[in-house]
Amino acid sequence: MAVALPLLTEKAAECRSPLRAVDLLLLGYLGLVSAVAASRVHEQPLCWWLLLAHGLFVLLLFLVTRPGLGPIGRTIRELYPLFLLPGLYSELDIINSPGRPVYDFAVQHWEQVVFGMQISREWWQRYPSVFWSTVFHSAYLSYYLIISAPALYFAFKGDLIAVRRFVLIVMATFVVCYLFFIFFPVAGPYYMFPRPAAWFTANTPARLAYDALSSGSSYGAAFPSSHVAAALAATAAALRASRRLGLILLVPTALLTLGVVYCQMQYGVDALAGLLVGGMVTAVVERMHPVKR
């Protein structure tokens, strides 16, 4: 990051406006989530902390949009929404407090209609493979790089337009997914089915993936798959700015899409819905904010 900072030049800063599409998107989303949190504070007192955190976002927005930012400030101004993602995801676990209804039975019914079985539970059992468990769990972990590395790469190159467009597409995708999680929470097979056999997770990528889920998974955040949706959107956005980078990301994105189902982390319908959301959001953002160079 420190190497990339000087590359956002004064010429790039001229493109800066007080509030951009991603700022307005986050303001609208956090305003809606604040209303939901306020309505649920009687059953989950931790929602008070969410309201405080959302208020601090307004302060953050003021700091990153004020005039006269230097190279470091301009870089942070473009990348700051990605830094918020861990917090935005974690607060879903507070909003969907234990005891709130989930809609897994409905999704499992769709799963049966589409695939003729509960594919997330049965796929790995019908085709057991330590090799594919390792590959798919590795692809699952690559998600964190897929949604962040392109933005850092474009910042390093000094391509402010590519950074801005990438961040907008990825954040818009997450917002759509998170709204589903709030108003149509689905726990997913990770919670609903018995865990895979010990041999299936006895590899380093699987252990790391399950450690991440056990320490940072948010309940009710399965449908649509934000992993699949965001990975697809990030790959599409990267492909538009750098064909080489986009093609590189296609491989882990495809493996991740299959892996979340084979590794029994999300329903097959979750992955299909993730592809739909990621594709649609990317298309809408590209239409509303065409690339201008």
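The values are calculated or read from the model by the stated rules, or taken from the named source; none is laboratory data. Here the structure is a predicted model, which means the values were calculated and not measured. Virtual Cβ from ideal backbone geometry, glycine too; neighbours counted across all protein chains shown. In case anyone asks, the SASA skips ligands and DNA or RNA and just uses the protein heavy atoms, side chains included. Shrake-Rupley method; radii C 1.70, N 1.55, O 1.52, S 1.80 Å.
Is it fair to say Val175 is among the β-branched types (Val, Ile, Thr), closer than 20 Å to Ala229 by Cα and within 11 Å of the chain's Cα centre (by Cα)? Steps first, please.
On the way: among the β-branched types (Val, Ile, Thr): yes; closer than 20 Å to Ala229 by Cα: yes; within 11 Å of the chain's Cα centre (by Cα): yes.
Yes: the conditions hold for Val175.
So how many residues does the range 121-133 have that are of a type outside the set (Lys, Arg) and crowded, with 16+ Cβ neighbours inside 10 Å? Lay out the reasoning, then the answer.
From the range 121-133, those of a type outside the set (Lys, Arg) are 122-125, 127-133; that's our starting set.
Add one more test, that the residue is crowded, with 16+ Cβ neighbours inside 10 Å, and what stays is 123-124, 132-133.
Total satisfying the criteria: 4.
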Pair list, Cβ under 8 Å, 6 or more apart: the range 154-166 residue touching a residue at least 60 places away in the same chain (Cβ under 8 Å), other residue assigned to a helix (DSSP H, G or I) and among the acidic types (Asp, Glu): Ala155/Glu78; Leu160/Glu78; Val163/Glu78; Arg164/Glu78
For a quick check of your reading of the model, give me the residue pairs whose first member lies in the range 107-119 and is within 20 Å of Cys263 (Cβ to Cβ), whose second is among the aliphatic types (A, V, I, L, M) and part of a loop (DSSP other than H, G, I, E, B), with beta-carbon atoms closer than 9 Å and at least 6 apart or on different chains. Val107/Ala222; Glu111/Met117
Which one is modelled with the highest pLDDT, of the residues in the range 217-240 that are closer than 27 Å to Val163 by Cα and surrounded by fewer than 21 Cβ atoms within 10 Å (Cβ to Cβ)? Leu239
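Under 12 Å from the mean Cα position of the chain (by Cα) and either over 30 Å from Val36 (Cα atoms) or not charged (D, E, K, R) (or both): is that true of Pro194 in this structure?
Values: under 12 Å from the mean Cα position of the chain (by Cα): no; either over 30 Å from Val36 (Cα atoms) or not charged (D, E, K, R) (or both): yes.
For Pro194, the condition - under 12 Å from the mean Cα position of the chain (by Cα) and either over 30 Å from Val36 (Cα atoms) or not charged (D, E, K, R) (or both) - is not met.
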How about the range 162-210: which of its residues are under 21 Å from Val135 (Cα atoms) and surrounded by fewer than 17 Cβ atoms within 10 Å (Cβ to Cβ)? Arg195, Ala197, Ala198, Trp199, Ala202, Thr204, Arg207, Leu208
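Hey, can you tell me all the residues within the range 48-67 that are open to solvent by less than 80 Å² (accessible area, probe 1.4 Å) and either on the phi > 0 side of the Ramachandran plot or not polar (S, T, N, Q) (or both)?
Quick first cut of the range 48-67, residues open to solvent by less than 80 Å² (accessible area, probe 1.4 Å) only: 50-51, 53-55, 57, 60-61, 63-65.
If the condition is that a residue be open to solvent by less than 80 Å² (accessible area, probe 1.4 Å) and either on the phi > 0 side of the Ramachandran plot or not polar (S, T, N, Q) (or both), then Leu50, Leu51, Ala53, His54, Gly55, Phe57, Leu60, Leu61, Leu63, Val64 are the ones that fit.
Matching residues to (1) in contact with a Leu (Cβ under 8 Å, 6 or more places away or on another chain); (2) not polar (S, T, N, Q):
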position: Leu61; (1), (2): yes, yes
position: Arg66; (1), (2): no, yes
position: Thr75; (1), (2): yes, no
position: Glu78; (1), (2): yes, yes
position: Leu85; (1), (2): no, yes
position: Glu91; (1), (2): yes, yes
position: Ile95; (1), (2): yes, yes
position: Arg100; (1), (2): no, yes
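Being outside any helix (DSSP H, G or I) and small (Gly, Ala, Ser) is the filter; apply it to the range 223-258 and report the residue that is nearest to the chain's Cα centre (by Cα).
Going residue by residue through the range 223-258, those that are outside any helix (DSSP H, G or I) are 223-225, 242.
Imposing the further condition that a residue be small (Gly, Ala, Ser) reduces the set to 225, 242.
Details: Ser225: 9, Ser242: 21 Å.
Top of the filtered list is Ser225.
When you check Leu276 against the structure, is it in a helix (DSSP H, G or I), at pLDDT below 95 and open to solvent by 20 Å² or more (accessible area, probe 1.4 Å), yes or no?
On the way: in a helix (DSSP H, G or I): yes; at pLDDT below 95: no; open to solvent by 20 Å² or more (accessible area, probe 1.4 Å): yes.
The answer is no for Leu276.
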Is it the case that the range 241-249 has a residue that's under 27 Å from Gln125 (Cβ atoms) and of a type outside the set (Lys, Arg)? no
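Specify which of the listed residues (Ile146, Ile95) is within 28 Å of Arg165 (Cβ to Cβ), open to solvent by less than 20 Å² (accessible area, probe 1.4 Å) and in contact (Cβ under 8 Å) with a residue 24 or more places away in the chain.
On the way: Ile95 fails: within 28 Å of Arg165 (Cβ to Cβ).
The unique qualifying residue is Ile146.
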Residue set Arg20, Arg40; condition charged (D, E, K, R), at pLDDT 85 or above and over 30 Å from Lys157 (Cβ atoms); output residue Arg40
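For the range 56-72, give me the residue count where each residue is over 26 Å from Ala230 (Cα atoms) and either without any contact (Cβ under 8 Å) to a residue 12 or more places away in the chain or under 23 Å from the mean Cα position of the chain (by Cα) (or both). I'd like the intermediate steps shown before the answer.
Just the residues of the range 56-72 that are over 26 Å from Ala230 (Cα atoms), to begin with: 59, 62-63, 66-72.
Next, from what is left, pick out any that are either without any contact (Cβ under 8 Å) to a residue 12 or more places away in the chain or under 23 Å from the mean Cα position of the chain (by Cα) (or both): 59, 62-63, 66-68, 70.
Here the count works out to 7.
Matching residues to (1) closer than 24 Å to Gly28 by Cβ; (2) in contact (Cβ under 8 Å) with a residue 12 or more places away in the chain:
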| residue | (1), (2) |
| --- | --- |
| Phe193 | no, yes |
| Ser215 | no, no |
| His227 | yes, yes |
| Leu256 | no, yes |
